[in-house]
Amino acid sequence: GLELSHCVGANSLGPTVPWRSGGPCKMKRVRTVFKPEQLERLEQEFLKQQYMVGTERVDLAATLHLTETQVKVWFQNRRIKWRKQSMEQKAAKLSQFGVIQPAAADSTAIKDHEEDTVDVEL
């Protein structure tokens, strides 16, 4: 499930304080830490197919003792990583042959894909 730490007050150097109405409150989500076995299985499934949907996702989540949302978000983030690596490899091959791509085009392409990035895990 979603784990939240205590609310942090306006003074970031001070101690954490419980949530209070009307005051500044930033709830921090505790990041999911995947076990090596879970990551290995997720990577294996990603190599087979980059999109995991429906009952396949439900079954995989149950097998790995994760929520369906955690699996969904992991796949979303992994696709972004894969696209970025693919673009970097393509740029490296082109530079090998003396073809230089404009930097603006690369950053725009990466920016377009970053909109898909989701870092919220439940």
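A short reminder: the numbers here are calculations on the coordinates, not readings from a lab. Only a predicted model underlies this, so the values are computations on that prediction, with no experimental measurement involved. Because the Cβ atoms are built from the backbone with ideal geometry, glycine has one as well, and the counts that use them run over all protein chains shown.
A few notes on this one:
- Cα-based Rg and Dmax for segment 36-94, where Dmax is the largest Cα-Cα distance (Å): 13.0, 43
- Pairs with C-alpha atoms separated by more than 22 Å, drawn from the list LYS48/LYS93; LYS28/LYS81; LYS48/LYS81; LYS26/LYS81; LYS72/LYS93, are LYS48/LYS93; LYS28/LYS81; LYS26/LYS81; LYS72/LYS93.
- Inter-site label distance for LEU94 and THR63 at 7 Å from Cα along Cβ, in nm: 3.8
- Separation in nanometres of the label points that stand 7 Å from Cα toward Cβ, at ARG31 and LYS81: 1.2
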